[in-house]
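Asks: Got a structure for you, written out below as structure tokens; questions coming shortly.
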Amino acid sequence: MPPIISISNLSKTYGSGFKALNNVNLEIQRGEIFALLGPNGAGKTTLISIICGIARLSEGRVTVDGHDIVDGYRAARSLIGLVPQELHTDAFESVWGTVSFSRGLFGKPKNPDHIEKVLKDLSLWEKKDAKIVTLSGGMKRRVMIAKALSHEPQILFLDEPTAGVDVELRKGMWEVVRRLQASGVTIILTTHYIDEAEEMADRVGVINKGEIVLVEDKANLMQKLGKKQLKLHLQGSIATIPPDLAAYNLELSDQGCQLTYHYDTKGERTGITSLLGDLRAAGIRFYDLDTTQSSLEDIFVSLVRAP
């Protein structure tokens with residue numbers, strides 16, 4: 001099945017000469033949740049803005065379900081719902097009114113049943129007559145999603161959808177996203193919350209300094225780049241690591257009372273058995289040990305810090 005979004009050799013250079021995107025190539029598969037991660041200024045919002053027709057590309061080509069975003073702008077844009085990072089809506093309009101108006105902007109005929117379904121799915125039905133100005137930040141964010149879904153798009157962009165939202169509402173938003181995916185909507189999510197990507201995404205893309213650093217299935221990414229750590233809690237503190245243990249690249253912390261050993265989960269041998277033997281030979285005793293696996297956040301940080 002062809003990708004629902006195809007990006008080829010995309011670059012964006014502003015009038016100042018700043019190159020926000022540099023030769024981006026990316027495909028988004030139909031029905032997936034794709035998380036786009038990157039630090040501030042990496043190019044996430046610029047990339048979304050170009051796909052959605054808000055900003056112009058400088059070079060390259062983007063198609064949405066086969067429609068070129070330049071030559072077939074109206075057809076491409078009609079397939080997309082966008083929830084921007086900033087909250088933009090008429091503060092003194094009702095929830096029902098603003099969502100219905102958004103549908104009309106795309107030339108869609110009135111469909112009260114669809115608007116009702118969207119509001120109920122987003123737990124906004126009881127607030128349908130409330131003015132936007134009276135809603136909480138989390139509810140306003142849900143209204144933005146309702147507006148984006150009003151014209152029945154096949155693709156939904158969520159640009160930092162849970163920014164400023166408390167933990168309970170974030171979890172509620174995750175449930176909404178899962179239901180949308182189950183209904184066949186393709187979702188592209190940008191987020192600063194790594195746990196959000198780890199929880200929700202099928203695939204993860206990392207963008208840094210306008211370039212795609214990596215695109216990978218989340219499970220494969222964790223398997224390929226995730227490393228385990230063995231932490232040894234020592235019976236007594238040591239000032240330095242003995243030279244005989246240098247090959248293990250141990251890290252000394254907790255005022256000399258903890259040693260950390262990193263090992264590859266894919267390796268045929270972890271080296272733990274020989275390490276424990278060499279520690280005993282060096283007279284270093286420990287009273288406890290535990291292992292942890294690198295999180296997606298650890299992997300993300302290592303990728304964006306890489307030269």
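Asks: Can you name the residue in region 146-161 that is part of a helix (DSSP H, G or I) and aliphatic (A, V, I, L, M) and, of all such residues, is surrounded by the most Cβ atoms within 10 Å (Cβ to Cβ)?
Replies: In this case the residue turns out to be L149.
Asks: I would also like to ask the following. For residues in region 120-137 being touching a Leu at 6+ places or on another chain (Cβ under 9 Å), part of a helix (DSSP H, G or I) and under 17 Å from R179 (Cβ atoms), which is modelled with the highest pLDDT?
Replies: Checking each candidate, the answer is W125.
Asks: So, V143, is that one assigned by TED's automatic domain parsing to the domain that holds I33, within 24 Å of A75 (Cβ to Cβ) and either in contact with a strand residue (DSSP E or B) (Cβ under 8 Å, 6 or more places away or on another chain) or surrounded by 15 or more Cβ atoms within 10 Å (Cβ to Cβ) (or both) or not?
Replies: no
Asks: Let me ask you something else. Mind checking which residues of region 254-296 are aromatic (F, W, Y) and modelled with pLDDT of 85 or more?
Replies: Scanning region 254-296 gives Y261, F286, Y287.
Asks: While we're here: Applying the selection to region 3-32, what residues are exposed (fewer than 15 other Cβ atoms within 10 Å of the Cβ) and either aromatic (F, W, Y) or touching a helix residue (DSSP H, G or I) at 6+ places or on another chain (Cβ under 7 Å) (or both)?
Replies: Within region 3-32, Y14, F18 qualify.
Asks: Would region 264-276 turn up any residue that is buried (at least 16 other Cβ atoms within 10 Å of the Cβ) and more than 12 Å from L230 (Cα to Cα)?
Replies: Looking for residues that are buried (at least 16 other Cβ atoms within 10 Å of the Cβ) and more than 12 Å from L230 (Cα to Cα), one finds none in region 264-276, hence no.
The values are calculated or read from the model by the stated rules, or taken from the named source; none is laboratory data. In this text the structure is predicted, and so the values were computed from the model without any measurement. Neighbour counts are summed over all protein chains in view; Cβ atoms, including those assigned to glycine, are modelled from backbone coordinates with ideal geometry.
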